[in-house]
Amino acid sequence: MQHEPQQQPQPQQSDSIDPAGLPVAGVDVSKARLDTFIDTFDRHLEVANDETGIARLVKDLLAHRVRLVAIEATGRYHRRVAAALLQAGIPVAVVNPQQVRAFAKAAGKLEKTDRIDARVLAAFGRSLNPRAMRKPPENQALLADLVCRRRGLIQMRVAEVNRAHEQLPKLAAAQSKKLLRLIEQQVEDLDREIARLIEADDDWSGKSKVIDSVPGIGPDTANQLLAELPELGTLNRAEIAKLAGLAPLNCDSGAHRGQRHIRGGREGVRTCLYMAAFNARQKCARFKRFFDGLMARGKLYQVAMTACMRKLLIVLNQMVKNKTHWNQKLAGELA
């Protein structure tokens, strides 16, 4: 009796495809249009930057099984498409435009059009495999916009105060005072709305209370850090310092050992941390001892303050990660 040869089970399609071989897409974002390039299919797609166009883009990327989409950070214009892609389960990496431009120059791509930029973004994503972003909380963009507006008003207030002097004409002086009162009122309105948003979110509220527990940090600073550094508590100490632009970077070549400097990162976070560290070293003996020790060793004031800012950021990152409020043990560990 002959037996028919037993058929071997066929591997499923998902098991037979190496994820590294799946396509990577680059999306060049403008106010009105999205230019997309899918690398392994050599496919260009141009859609409107609106709900209909984004829906078409999502459908196309899913059909091509794209494993990563690289998008340049463009202020607010990239937010809607990034959110839609994340909602559809497509990994998205929002990348620094300066890094992408440097990558293009290194590859000899000196021309610049929207189609070329989309192709360069896809190559950037393929070569460097940037970290995909996590799906942000529902009101993250709203919170970031409110904090950005508040920062702009503070800058306006400082400029107006600097322009004011005793020799101003009567009308100009009255207008200046009126403008300052209006700015103050709008800042207070923003503070209330920011506080309401954070209080309504259990995760944000918990993190805000943890940050606010550190001596020298108040609710406004805590809220600003939550808005501008949502990665707080999710990265290690080296990553969070570099993200904020507070990591000293080497400048060595051969036998030469240059001075280490900070650069890059998020300017708004550093501004916020500067005032927080300034207050912390006045209200916390441990931070004061750390700062005074650096000054005693001959460090410049700016260097010592930067070190305090980095130390404060690392402490905050660990506190948020462990959901630990400031206590005497933490104060004792700071050395």
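The gain in end-to-end length when the ARG237 to LYS299 segment is fully stretched comes to 20.1 nm, 0.36 nm per residue minus the alpha carbon separation. Only helices enter the 222 nm calculation for the chain: every DSSP H run of n ≥ 4 contributes -39,500 (n - 2.57), and dividing by all residues gives -18500 deg cm²/dmol, rounded to 500.
If you keep only loop residues by DSSP, which GluC sites (Glu not before Pro) in segment 149-194 have at most 12 other Cβ atoms within 10 Å of their Cβ? Each step should come with its number before you reach the end.
Working: sites: GLU160, GLU166, GLU184, GLU188, GLU193; in loops: GLU166.
For GluC sites (Glu not before Pro) across segment 149-194 that sit outside H, G, I, E and B with at most 12 neighbouring Cβ atoms in 10 Å, the list reads GLU166.
Only one residue of GLY89, LEU294, GLN259 has its Cα farthest out toward the positive end of the dipole of the chain, where Lys and Arg carry +1 and Asp and Glu -1 on Cβ, and that residue is LEU294.
Which of LYS207/LYS311; LYS283/LYS311; LYS209/LYS283; LYS242/LYS283; LYS31/LYS109; LYS135/LYS242 have a Cα-Cα distance over 20 Å? The pairs that break the limit, which is 20 Å between Cα atoms, are LYS242/LYS283; LYS31/LYS109; LYS135/LYS242. Tell me whether segment 230-335 comes out rounded, prolate or oblate; compute the Cα gyration tensor, take square roots of the eigenvalues as a ≥ b ≥ c, and use a/c under 1.5 as the rounded threshold. Oblate.
Taking label points 7 Å from Cα along the Cα-to-Cβ direction, GLN155 and HIS256 give a separation of 3.4 nm.
Do you know the relative contact order of the chain, to the nearest whole percent, from alpha carbon pairs under 8 angstrom that are 6+ apart? Could you put the intermediate results ahead of the total?
On the way: 406 pairs, mean separation 41.7, N = 335.
Answer for the chain is 12 percent.
Counted by neighbouring Cβ atoms within 10 Å, the residues TRP326, TRP204 run from fewest to most as TRP326, TRP204.
Magnitude of the Cβ-charge dipole of segment 138-200, K/R +1 and D/E -1, about the Cα centre, nearest 20 debye?
On the way: 11 positive and 10 negative charges, 81 e Å.
Value, rounded to 20: 380 debye.
With 0.36 nm allotted per residue and the present C-alpha distance subtracted, the ARG196-ARG131 stretch has 20.3 nm of extension available.
Near ARG33, the amide H atoms lying under 5 Å from its own belong to ASN49; only residues 5 or more places off or on other chains count, and H is placed 1.01 Å from N.
Classify segment 138-200 as rounded, prolate or oblate from the Cα gyration tensor: take a ≥ b ≥ c as the square roots of its eigenvalues, call it rounded if a/c is under 1.5, otherwise prolate when a/b beats b/c and oblate if not. Mind showing how you got there, number by number?
On the way: a/c = 4.72, a/b = 2.94, b/c = 1.60.
It comes out prolate by the Cα gyration axes.
When DSSP beta bridges are restricted to pairs lying wholly in the chain, around 65% turn out antiparallel. Give me the angle, in degrees from 0 to 90, between the Cα long axis of helix 97-106 and the longest principal axis of the Cα atoms of the chain, rounded to the nearest 10. So the helix axis and the longest Cα principal axis differ by about 50 degrees. Axis of helix 114-128 versus longest Cα principal axis of the chain: the two differ by about 90°, to the nearest ten degrees.
Relative to the Cα centre, what is the charge dipole magnitude of the chain, using +1 at the beta carbon of each Lys and Arg, -1 at the beta carbon of each Asp and Glu, and rounding to the nearest 20 debye?
Details: 52 positive and 37 negative charges, 325 e Å.
Computed about the Cα centre, the dipole is about 1560 debye.
Give the residue list of trypsin sites (Lys or Arg not before Pro) in segment 121-166 that are DSSP loop and have at most 14 other beta-carbon atoms within 10 angstrom. Spell out each step's value before the answer.
Numbers: sites: ARG126, ARG131, ARG134, ARG149, ARG150, ARG151, ARG157, ARG163; in loops: ARG131, ARG134.
Answer in residue order: ARG131, ARG134.
In what order do LYS105, LYS170 fall by count of nearby beta-carbon atoms within 10 Å, going from fewest to most? Each step should come with its number before you reach the end.
On the way: LYS105 11, LYS170 7.
If I rank by nearby Cβ atoms, fewest first, I get LYS170, LYS105.
In segment 237-287, which trypsin sites (Lys or Arg not before Pro) fall in coil by DSSP and have 13 or fewer other Cβ atoms within 10 Å? Provide the component values of the computation, followed by the final result.
Values: sites: ARG237, LYS242, ARG257, ARG260, ARG263, ARG266, ARG270, ARG281, LYS283, ARG286; in loops: ARG260, ARG263, ARG266.
Those that pass, being in a loop and sparsely packed, are ARG260, ARG263.
State, as an integer percentage, the relative contact order of segment 21-128 based on alpha-carbon contacts under 8 Å between residues 6 or more apart. Don't jump to the answer; show the numbers that get you there.
Numbers: 189 pairs, mean separation 39.1, N = 108.
Over segment 21-128, the number comes to 36 percent.
Each label point is 7 Å from the Cα along the Cα-to-Cβ direction; what then is the distance between the points at GLN186 and LYS109, in nm? For the pair GLN186/LYS109, the computed spacing is 3.9 nm. Short-range pairs are left out: with C-alpha atoms under 8 Å and at least six residues apart, the relative contact order of segment 138-200 is 53 percent.
Where does helix 285-296 land angle-wise versus the long Cα axis of the chain, in degrees 0 to 90, nearest 10? Result, in degrees: 90.
Each of (1) 102, 53, 50; (2) 75, 57, 34; (3) 55, 42, 42 is a candidate for Cα extents along the principal axes in Å; the one calculated from this structure is (1). As a calculated quantity, the FRET efficiency between GLN98 and LYS31 at R0 = 25 Å, using C-beta atoms, amounts to about 0.80. With a Förster radius of 25 Å applied to the C-beta separation of LYS323 and ASP145, the computed FRET efficiency comes to 0.35. The modelled label-to-label distance between ALA88 and ASP292, using points 7 Å beyond Cα along the C-beta direction, is 6.0 nm.
The H on the amide N of GLU72, modeled in the peptide plane, is under 5 Å from the matching H of VAL27, VAL29, VAL95, each at least 5 residues off or on a different chain.
Counting neighbouring Cβ atoms within 10 Å and putting the fewest first, the residues HIS78, HIS64, HIS261 line up as HIS261, HIS64, HIS78.
Only the coordinates and a few stated rules stand behind these numbers; no lab work does. The structure presented is a predicted model; accordingly, all values stated were derived computationally and were not measured. Positions of Cβ are generated from backbone atoms using ideal geometry, with glycine treated the same way; all protein chains shown enter the neighbour counts.
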